[in-house]
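Enquirer: To start, I am sharing the structure in question, which I have written as structure tokens.
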Amino acid sequence: MLDQVVAVLRRRLGSENVIVFCSQHEEVPAWEQLLKTAGVSSALVLAFDGPQLSPLLAHPSHREAGELVAARHALLGTLARRSPLAEMADDFDPARRAVLLVTDPLDPREVGDRHLFGAKHPSWSFVEHKSVVDTVWDVMGVDRAESVALDRPGTLLRPDGLAPTGIVASWQRLGEAPVAGGSGIRTTLTEIDDGRFRVRIMPHLTGRPCRLHGLTSADTTVVFPPLELLVPQRREGGSFLCAGAAPLSAPEQAPLTALTRRLGDQLRACLAYRGGFSVDGILTPDGFRPTDLNTRVTSALESLPATVRVAVHACALAARAGLINLPGSTLGRYVAHAFRETGELLIRAPFPDNDRVAREPVRWFGSTLISAGRTEPHGVIEVGPGARGAILTARLRHADLPEGLDCQAASIAVFEAADRLLGATYGPLKAPGGADPQQANQHRRR
């Protein structure tokens with residue numbers, strides 16, 4: 001499969017000088033090897049969390065995902081003027097003829113004189129706005145939940161009057177980009193700071209949060225395994241904690257795989273879209289209902305080896321650059337195999353104490369995670385520095401998960417253990433369920 005990726009890149013980048021900006025330092029060797037095999041003349045691969053770039057970014061302290069993206073865009077913008085980053089690039093490429101590869105989720109608008117390979121069309125990011133995307137579903141003919149987008153409602157709407165299932169409100173400040181992650185999503189209308197907002201309100205659907213994702217090019221759609229999103233809900237305040245994703249069971253995947261392909265084909269037909277994409281939504285008793293569109297390769301691939309992530313990012317950039325004959329179904333099978341072989345459930349979220357470093361081997365005691373002590377651990381919970389501040393990372397072996405314990409419950413067990421063993425303050429969490437399906441049916445839109 002990698003040979004096919006190499007062949008695609010060689011068509012456009014062979015004999016070129018290349019500068020790559022990627023998210024994670026562990027991806028650098030995979031990028032260097034891929035580009036060398038593709039025949040590039042020379043390559044400089046820089047990771048935002050690596051030794052060259054991290055000193056150029058402000059010290060993180062519980063940044064939201066959107067703030068992290070903005071900080072990295074600002075750093076890339078310094079390529080257009082005299083700056084430490086511009087000097088670094090000029091030392092490698094004094095003539096400023098190198099091709100720039102910037103991986104998702106970044107979408108820089110200013111990078112100086114060098115050519116940006118696979119730049120996104122602005123309209124592709126526009127349709128991510130939560131007050132816009134429902135129109136996209138309607139144009140595509142995709143079943144969705146009823147919703148309404150309006151200015152910040154104040155007391156105009158009462159949460160208990162909109163739907164007996166409760167609501168989910170997505171907030172976005174006027175004039176700003178969509179909020180990344182779950183920080184702008186609430187089940188109440190009263191806990192957002194003062195300001196001018198647009199709000200999309202919809203019923204709190206009954207079902208499982210899912211992500212359909214893949215990659216579309218000018219001539220094909222690649223489908224990756226559908227995932228269940230691990231998003232425990234805080235009992236106080238109604239916000240969600242984005243903690244990772246896990247593949248759905250094989251019987252559940254088949255119909256969602258077909259829907260993913262249809263969505264990718266429709267994105268290409270309706271928006272001339274190319275690149276990685278994901279559609280988040282709820283798998284209800286009546287089928288999948290989309291809620292969000294991401295026009296990028298997402299963090300759902302973080303549990304996969306760096307070589308796999310790099311192959312996907314390379315194909316996404318090639319697709320956005322208009323290249324055809326991508327690996328297609330081969331790439332889909334490659335990613336599916338990587339998910340099957342991980343053997344671990346990866347759970348990750350910001351940690352409240354920005355200066356904490358800790359490592360706690362854990363094991364299951366019923367459905368509770370306890371310190372492993374001197375016994376064989378079933379996984380580990382770690383706290384360490386990350387791009388957004390301190391990050392809690394839990395790795396639990398699938399083979400050791402208690403029988404009957406689903407991934408949502410396992411993620412909640414991780415945060416309960418972090419509070420108990422590491423002094424975190426995540427607080428009481430619950431699974432992101434909805435209300436009675438018969439009540440939800442009253443507010444379903446066909």
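The values are calculated or read from the model by the stated rules, or taken from the named source; none is laboratory data. The structure displayed is predicted, hence computed values, not measured ones. Counting neighbours? That spans all protein chains shown, and the Cβs are built from the backbone with ideal geometry, glycine included.
Enquirer: Out of region 243-280, which residues are on the phi > 0 side of the Ramachandran plot and either assigned by TED's automatic domain parsing to the domain that holds residue 349 or not in a loop (DSSP other than H, G, I, E, B) (or both)?
Expert: Those that are on the phi > 0 side of the Ramachandran plot and either assigned by TED's automatic domain parsing to the domain that holds residue 349 or not in a loop (DSSP other than H, G, I, E, B) (or both): 244, 275.
Enquirer: Kindly indicate which of 348, 235, 320 is touching a Lys or Arg at 6+ places or on another chain (Cβ under 6 Å) and either under 19 Å from residue 209 (Cα atoms) or not charged (D, E, K, R) (or both).
Expert: 235
Enquirer: Condition first: surrounded by 15 or more Cβ atoms within 10 Å (Cβ to Cβ) and among the basic types (Lys, Arg). Now tell me which residues in region 86-117 satisfy that.
Expert: 114
Enquirer: Considering every residue within region 385-396, establish whether at least one is modelled with pLDDT of 95 or more, surrounded by fewer than 21 Cβ atoms within 10 Å (Cβ to Cβ) and hydrophobic (A, V, I, L, M, F, W, C). Break it down stepwise before answering.
Expert: Kept after step one, since they are modelled with pLDDT of 95 or more, are these residues of region 385-396: 392-396.
From what is left, the residues that are surrounded by fewer than 21 Cβ atoms within 10 Å (Cβ to Cβ) are 393, 395.
Among the residues that remain, those that are also hydrophobic (A, V, I, L, M, F, W, C) are: none.
The answer is no; no qualifying residue exists.
Enquirer: Where in region 293-387 are the strands (runs of 3 or more DSSP E), entirely inside, with at least 2 residues that are without any contact (Cβ under 8 Å) to a residue 24 or more places away in the chain? Walk me through how you get there before you give the answer.
Expert: Details: elements: 344-350, 358-365, 368-371, 379-386.
Where strands (runs of 3 or more DSSP E) fall fully within region 293-387 and carry at least 2 residues being without any contact (Cβ under 8 Å) to a residue 24 or more places away in the chain, they are 358-365.
Enquirer: Just a yes or no: is a residue in region 70-85 β-branched (Val, Ile, Thr), touching a Ser or Thr at 6+ places or on another chain (Cβ under 8 Å) and either over 27 Å from residue 242 (Cα atoms) or buried (at least 19 other Cβ atoms within 10 Å of the Cβ) (or both)?
Expert: Of the residues in region 70-85, the ones β-branched (Val, Ile, Thr) are 78.
So of that shortlist, the ones also touching a Ser or Thr at 6+ places or on another chain (Cβ under 8 Å) come out as none.
Among the residues of region 70-85, not one is β-branched (Val, Ile, Thr), touching a Ser or Thr at 6+ places or on another chain (Cβ under 8 Å) and either over 27 Å from residue 242 (Cα atoms) or buried (at least 19 other Cβ atoms within 10 Å of the Cβ) (or both), which makes the answer no.
Enquirer: Hey, among 283, 293, 304, which residue is over 25 Å from residue 250 (Cβ atoms) and not polar (S, T, N, Q)?
Expert: Sole residue among the options that is over 25 Å from residue 250 (Cβ atoms) and not polar (S, T, N, Q): 293.
Enquirer: Can I ask one more? Determine whether residue 50 is surrounded by fewer than 15 Cβ atoms within 10 Å (Cβ to Cβ), among the small types (Gly, Ala, Ser), free of Cβ contacts under 8 Å to residues at least 60 places away in the same chain and not in a helix (DSSP H, G or I).
Expert: no
Enquirer: Determine, yes or no, whether residue 360 is within 22 Å of residue 228 (Cβ to Cβ), surrounded by 14 or more Cβ atoms within 10 Å (Cβ to Cβ) and either in contact with a helix residue (DSSP H, G or I) (Cβ under 7 Å, 6 or more places away or on another chain) or at pLDDT 95 or above (or both). Give the derivation first.
Expert: On the way: within 22 Å of residue 228 (Cβ to Cβ): no; surrounded by 14 or more Cβ atoms within 10 Å (Cβ to Cβ): yes; either in contact with a helix residue (DSSP H, G or I) (Cβ under 7 Å, 6 or more places away or on another chain) or at pLDDT 95 or above (or both): yes.
It is false that residue 360 is within 22 Å of residue 228 (Cβ to Cβ), surrounded by 14 or more Cβ atoms within 10 Å (Cβ to Cβ) and either in contact with a helix residue (DSSP H, G or I) (Cβ under 7 Å, 6 or more places away or on another chain) or at pLDDT 95 or above (or both).
Enquirer: Also: Quick one: residue 44 ticks every box in (1) within 23 Å of the chain's Cα centre (by Cα); (2) more than 13 Å from residue 310 (Cβ to Cβ); (3) assigned to a strand (DSSP E or B) except a single one, so which number is it?
Expert: It is condition (1) that residue 44 fails.
Enquirer: With the structure loaded, tell me whether residue 348 is closer than 29 Å to residue 49 by Cα, charged (D, E, K, R) and buried (at least 19 other Cβ atoms within 10 Å of the Cβ) or whether it fails that test.
Expert: yes
Enquirer: Can you tell me which of 237, 181 is touching an Asp or Glu at 6+ places or on another chain (Cβ under 9 Å), surrounded by fewer than 21 Cβ atoms within 10 Å (Cβ to Cβ), in the same structural domain as residue 331 (by TED's automatic domain parsing) and at pLDDT below 95?
Expert: 237
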